[in-house]
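The values are calculated or read from the model by the stated rules, or taken from the named source; none is laboratory data. This structure is a prediction, so every number in the text was calculated from the model and none was measured. Here the Cβ positions follow ideal geometry from the backbone for every residue, glycine too, while neighbour counts run over all protein chains shown.
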Amino acid sequence: MNVQRNTLLLIACLVWSVAGINILRIGLMAYPAYLSMVNVVLSFAVFGVFQAFVFGRLVRKHTDRIGSYLEERQFFLRFFDAKSFAIMAVMMTGGVALRSSGLAPERFIAVFYTGLGASLLLAGLLFGRNFGRARTGRTA
């Protein structure tokens, strides 16, 4: 299944937005019992670290890579490279294992997952913005 090159940005938008919404929902569902200024600040810190050092860079890297494809039509899974799919798999497996093991306290889930989910969601929205820019011919 081949799609137009820029459609890969839309696919990345959808994948990361859905992941972000799901992780953010888990964090927010756990948050009411732990709502405090310190925890909110910590969630913002988690968001900032992931946005600055992981997902912000990921969006730029993959947007540039997709834009550099010479052929207009690409296989629909080429919105990521193999390394990124592996990282995604490790993160998902680790997150499920962490929650199901009971090793992480509910407060950690609330604080960390809220920051992480918000950062994932923003990454998805940035891919969407880049898709819109690519469709209108503006620089992504």
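Determine whether region 99-107 contains at least one residue that is part of a helix (DSSP H, G or I) and surrounded by 18 or more Cβ atoms within 10 Å (Cβ to Cβ).
As a first pass, look at region 99-107 and keep what is part of a helix (DSSP H, G or I): 99-101, 106-107.
If we keep only those that are surrounded by 18 or more Cβ atoms within 10 Å (Cβ to Cβ) too, we end up with none.
No: region 99-107 contains no residue that is part of a helix (DSSP H, G or I) and surrounded by 18 or more Cβ atoms within 10 Å (Cβ to Cβ).
For every residue, the table says whether it meets (1) among the small types (Gly, Ala, Ser); (2) out of contact with any Pro (no Cβ under 7 Å at 6 or more places or on another chain); (3) touching a residue at least 60 places away in the same chain (Cβ under 8 Å).
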position: Gly67; (1), (2), (3): yes, yes, yes
position: Glu72; (1), (2), (3): no, yes, yes
position: Phe75; (1), (2), (3): no, yes, yes
position: Ala82; (1), (2), (3): yes, yes, no
position: Val90; (1), (2), (3): no, yes, no
position: Ala97; (1), (2), (3): yes, yes, no
position: Gly102; (1), (2), (3): yes, yes, no
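Kindly establish whether Thr63 is within 20 Å of Phe127 (Cβ to Cβ) and hydroxyl-bearing (Ser, Thr, Tyr).
On the way: within 20 Å of Phe127 (Cβ to Cβ): yes; hydroxyl-bearing (Ser, Thr, Tyr): yes.
The answer is yes for Thr63.
Please verify whether Ser17 is small (Gly, Ala, Ser) and within 10 Å of Leu121 (Cα to Cα), treating the condition exactly as stated.
On the way: small (Gly, Ala, Ser): yes; within 10 Å of Leu121 (Cα to Cα): yes.
It is true that Ser17 is small (Gly, Ala, Ser) and within 10 Å of Leu121 (Cα to Cα).
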Conditions (1) surrounded by 12 or more Cβ atoms within 10 Å (Cβ to Cβ); (2) of a type in the set (Ser, Thr, Tyr); (3) at pLDDT below 90; number of the one not met by Ser119: (3)
Name the one entry in Tyr69, Tyr113 that is surrounded by 11 or more Cβ atoms within 10 Å (Cβ to Cβ), hydroxyl-bearing (Ser, Thr, Tyr) and outside any helix (DSSP H, G or I). Tyr69
